[in-house]
Amino acid sequence: MAHVHLEDGAFTIEWVVIWTLIAVALIAIALYRLGGYAIPTRKLAVAAMCVAVGFAIFQIEIPVFGGVHINLTPLIGILVGPSLGSLAVLVINMFGAAIGHGGWGMIGANSIVNIVEVFLGFFIYRHLRCSWNASRFFSAFSATAVALTVSAFVALVIISISGIQGSTQGGEQTFANLLIMAAANIATGLVEAVVTGYIVSFIGKIRSDLLEMAEGEKRPETAETSQEVGTVV
Amino acid sequence: MTFFAEDGKSVVHRMNPWTKAALLAIVILMAIIMDDLILLAVLYLSVLAFYAAGRLPIRLLVGWYTLPVFFVVTIAILLIFTEPGDPLASIEILGKRIAITDAGLMLLVTLLVRALAVVTLSLALFMTTRYSHMAYMVSRILPRPLANIFLLSYRFNFETSDEISDVVDAVHSRNGNMVRGAAKQTRLFAGIFGLSFVHAFERAERIAKAMESRGFSGEFPNVEKLTKPSHYGYLLVSLAILALVIITYSRYVSDLIGWW
């Protein structure tokens, strides 16, 4: 997994409330930026589709290095932007909680981690494409790799600050113990980064208008750089 | 899940969805607040009995447990060796001896029971509540934009999952699952996922146009409204709240249930 999902009971009630309030504030900002209750129908439908695809893809195992699951949250950020992406990951976490992929009480903490991924995925991709003129593959790969690395540490910090309920270990010791988990997540994140790079190249080749939000007025990619895209299924 | 929710006729299916949702919220709080393993086990067994009363298959539940067990173990496995306590078993790795302690094992088991209690009730709720009732509750609980995304994606999930599994089956039937190197496999699955996203966007655009042409005003109408819980429903929720208050008081103020 490129993500850490915490189950109910991992944190004490105080920390559940704190992380939930922070997540609510982030979602409120996202809703405000989207225009409150007047979100256009197309955006609603696109966000819902991203939720459905993200949720479906997470159930598929890529037969690489013994089997890897991905969530593609940075990709959702690249495609729909940080605000709509934040709403999408919140709903993904709600669906996830329904089947035990993260707890109901942990939706706040898990959403903060995912919002970081969506936010960094979008802005790093945009910066690399618009300022550095980097290729789609490289931009998406780098944006995803950085987003997932940072989010792995955000998850680690959240767990270390909150402490695991029932454990007598302090924050520092918990942080040190869970560093292995962060390292494993970062390694898996690199696989997701490669997949995201290919997906963005693929989308850019056949529907480049879907990347307009992250690329702005960027000119279409040349055929040379698009050759990175492999087999089209 | 939808099949059981729409076709089931058990007592849990007939229970008012608001009552089930309230019980889920209370069980989540109980799982977070309780710290006694025996009480947590009682909570888990009660929830399991509720699930069984819904005539839902246990085998399916065991399958669903894979995810929460995986997540709990991922976190706890790194702590059970370093939790202070009496060593139960030890192994030597690279000249260094590490031991599982009793406190570490207890931590793992407690986290598992907490997670499984909530997951079991969550699944029971979703597998015994019809979509129309779920849609009504979601539209009442969540802010409108989030409720709209939730309700739209609830339906899209089925179509998208079917479409992606069809493409994966097509790949497998053409020997696509044979080992051909990490790069080729990654590129192959990236193509599947990329295509899924493109199809999803195209479908979303069509659906948005269809919704607008039918006069969508930003809110989905609820065809079937939910009634209030029955007296028994209120009684059940009240008893659960009372238990939650006692558990909370006992943990944070004064131990009322430590006698046993």
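The values are calculated or read from the model by the stated rules, or taken from the named source; none is laboratory data. Every value quoted in this text rests on a predicted model; they were computed, and no experiment measured them. No Cβ is skipped: glycine too gets one built from the backbone with ideal geometry, and neighbour counts run over all protein chains shown.
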Any chance the stretch A:129-151 includes a residue that's within 24 Å of B:Leu112 (Cβ to Cβ) and of a type in the set (Val, Ile, Thr)? no
Residues of the stretch A:133-181 being assigned to a helix (DSSP H, G or I), more than 22 Å from A:Glu192 (Cα to Cα) and not hydrophobic (A, V, I, L, M, F, W, C), in sequence order, are A:Ser160, A:Ser162, A:Gly171, A:Glu172, A:Gln173, A:Thr174, A:Asn177
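Go through the stretch A:171-199 and give me each residue that's without any contact (Cβ under 8 Å) to a residue 40 or more places away in the chain, among the β-branched types (Val, Ile, Thr) and more than 9 Å from every other protein chain (Cβ to nearest Cβ). Step through it out loud before you land on a result.
Kept after step one, since they are without any contact (Cβ under 8 Å) to a residue 40 or more places away in the chain, are these residues of the stretch A:171-199: A:171-180, A:182-184, A:186-187.
Narrowing further to those that are among the β-branched types (Val, Ile, Thr): A:174, A:180, A:186.
Matches in the stretch A:171-199: A:Ile186 only.
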Would you point out the residue of the stretch B:197-210, among those that are among the basic types (Lys, Arg) and more than 7 Å from chain A (Cβ to nearest Cβ), that is surrounded by the fewest Cβ atoms within 10 Å (Cβ to Cβ)? B:Arg206
Residue count, the stretch B:78-131, condition free of Cβ contacts under 8 Å to residues at least 60 places away in the same chain and within 13 Å of chain A (Cβ to nearest Cβ), comes to 20
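Hey, could you check the stretch B:59-95 for residues that are in a loop (DSSP other than H, G, I, E, B) and under 28 Å from the mean Cα position of the chain (by Cα) and say which is nearest to A:Ala152 (Cα to Cα)? Spell out the reasoning first.
We begin by selecting, within the stretch B:59-95, every residue in a loop (DSSP other than H, G, I, E, B); these are B:65, B:77-86, B:94-95.
Then keep just the ones that are under 28 Å from the mean Cα position of the chain (by Cα); that gives B:65, B:77-80.
Numbers: B:Tyr65: 24, B:Ile77: 17, B:Leu78: 16, B:Leu79: 18, B:Ile80: 21 Å.
Ranking the qualifying residues of the stretch B:59-95, first place goes to B:Leu78.
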Yes/no for B:Met134 being in contact (Cβ under 8 Å) with a residue 40 or more places away in the chain, of a type in the set (A, V, I, L, M, F, W, C) and either touching a Leu at 6+ places or on another chain (Cβ under 8 Å) or not in a helix (DSSP H, G or I) (or both): no
Checking the conditions here, which among A:Gly105, A:Gly96 is of a type outside the set (Asp, Glu) and not in a helix (DSSP H, G or I)? A:Gly105
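State yes or no: is B:Tyr51 farther than 29 Å from A:Ser160 by Cβ, more than 8 Å from every other protein chain (Cβ to nearest Cβ) and part of a helix (DSSP H, G or I)?
Values: farther than 29 Å from A:Ser160 by Cβ: yes; more than 8 Å from every other protein chain (Cβ to nearest Cβ): yes; part of a helix (DSSP H, G or I): yes.
So B:Tyr51 fits the description; yes.
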Of the residues in the stretch B:65-95, those that are of a type in the set (A, V, I, L, M), exposed (fewer than 15 other Cβ atoms within 10 Å of the Cβ), farther than 11 Å from A:Glu7 by Cβ and touching a helix residue (DSSP H, G or I) at 6+ places or on another chain (Cβ under 8 Å) number 1
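Taking the stretch A:25-38 only, how many residues are within 10 Å of another protein chain (Cβ to nearest Cβ) and under 22 Å from the mean Cα position of the chain (by Cα)? Show your work before the answer.
Within the stretch A:25-38, the first condition is being within 10 Å of another protein chain (Cβ to nearest Cβ), and the residues that meet it are A:27-28, A:30-31, A:34-38.
Checking which are under 22 Å from the mean Cα position of the chain (by Cα) leaves us with A:27-28, A:30-31, A:34.
So the count comes out to 5.
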Members of the stretch B:141-168 that are within 7 Å of chain A (Cβ to nearest Cβ), in contact (Cβ under 8 Å) with a residue 40 or more places away in the chain and surrounded by fewer than 22 Cβ atoms within 10 Å (Cβ to Cβ): B:Arg144
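Could you tell me which of the residues B:Gly215, B:Gly194, B:Gly176 is modelled with pLDDT under 85, closer than 24 Å to A:Leu190 by Cβ and more than 8 Å from chain A (Cβ to nearest Cβ)?
Exactly one residue qualifies, and that residue is B:Gly176.
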Which pairs do you get when a residue that is touching a residue at least 40 places away in the same chain (Cβ under 8 Å) and closer than 16 Å to B:Leu244 by Cα, found in the stretch B:35-57, comes within reach of a residue that is surrounded by 21 or more Cβ atoms within 10 Å (Cβ to Cβ) and small (Gly, Ala, Ser), reach meaning Cβ atoms under 8 angstrom, with the pair 6+ apart or on two chains? B:Asp35/A:Gly166; B:Leu40/B:Ala31; B:Leu40/B:Ala117; B:Leu43/B:Ala31; B:Leu43/B:Ala117; B:Tyr44/B:Ala117; B:Val47/B:Ala117; B:Val47/B:Ala124
